[in-house]
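The values are calculated or read from the model by the stated rules, or taken from the named source; none is laboratory data. Because the structure is predicted, anything quoted here is derived from the model rather than measured. Cβ atoms come from the backbone with ideal geometry, glycine included; neighbour counts cover every protein chain shown.
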């Protein structure tokens, strides 16, 4: 029996909706990364991008457990001496909550040529409104929800 290898023309993509206010931050990011990779499909192939589209809503109501609002720090550097900038999760949530989820999901995707394509299929919205109702996304209910 030969090993099945999915071709790019054979990929069928679904749309999924995840509510960020109903599950912890890490659990949400792992679920989104798994859907973007296509791990739940029987046709998963490592070298072909066979994942689905993921829409995340309510990013501003992100659930952070164990006091991570103040403890978790995001760093960035300008490249110049003394150019280190730090911001807590709470400050980043007020500034741009979509970046939090995008960074978390990006860190959970494999570091290869397909990562950029997969991240383009991740749509994050701060509020409950999104532009993808025409695609009829399936809502994902996650374990560990409040």
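Observations on the model:
- Hey, residue 88 surrounded by 10 or more Cβ atoms within 10 Å (Cβ to Cβ), over 22 Å from residue 17 (Cβ atoms) and at pLDDT 95 or above or not: yes
- Matching residues in the range 118-140 - criterion: being in contact with a strand residue (DSSP E or B) (Cβ under 6 Å, 6 or more places away or on another chain), farther than 20 Å from residue 96 by Cβ and outside any loop (DSSP other than H, G, I, E, B): 135, 138, 139
- Of all residue pairs spaced 6 or more apart or on separate chains, those with beta-carbon atoms under 7 Å, a first member in the range 46-64 that is at positive phi and touching a residue at least 40 places away in the same chain (Cβ under 8 Å) and a second member that is surrounded by 22 or more Cβ atoms within 10 Å (Cβ to Cβ) and in a helix (DSSP H, G or I) are 58/20.
- Answer from 81, 46, 110 - the residue that is modelled with pLDDT under 95 and not in a strand (DSSP E or B): 46
- Qualifying residue in the range 27-34 (condition: under 18 Å from residue 99 (Cα atoms), part of a loop (DSSP other than H, G, I, E, B) and either touching a strand residue (DSSP E or B) at 6+ places or on another chain (Cβ under 6 Å) or touching a residue at least 12 places away in the same chain (Cβ under 8 Å) (or both)): no
- Scope the range 52-71; condition at pLDDT 95 or above, farther than 17 Å from residue 126 by Cβ and surrounded by 15 or more Cβ atoms within 10 Å (Cβ to Cβ); matching residues: 52, 53
- Answer residue from the range 1-26, given it is out of contact with any strand residue (DSSP E or B) (no Cβ under 9 Å at 6 or more places or on another chain) and in a helix (DSSP H, G or I) and is surrounded by the most Cβ atoms within 10 Å (Cβ to Cβ) among those: 26
- Sole residue being surrounded by fewer than 17 Cβ atoms within 10 Å (Cβ to Cβ) and assigned to a helix (DSSP H, G or I), chosen from 102, 94: 94
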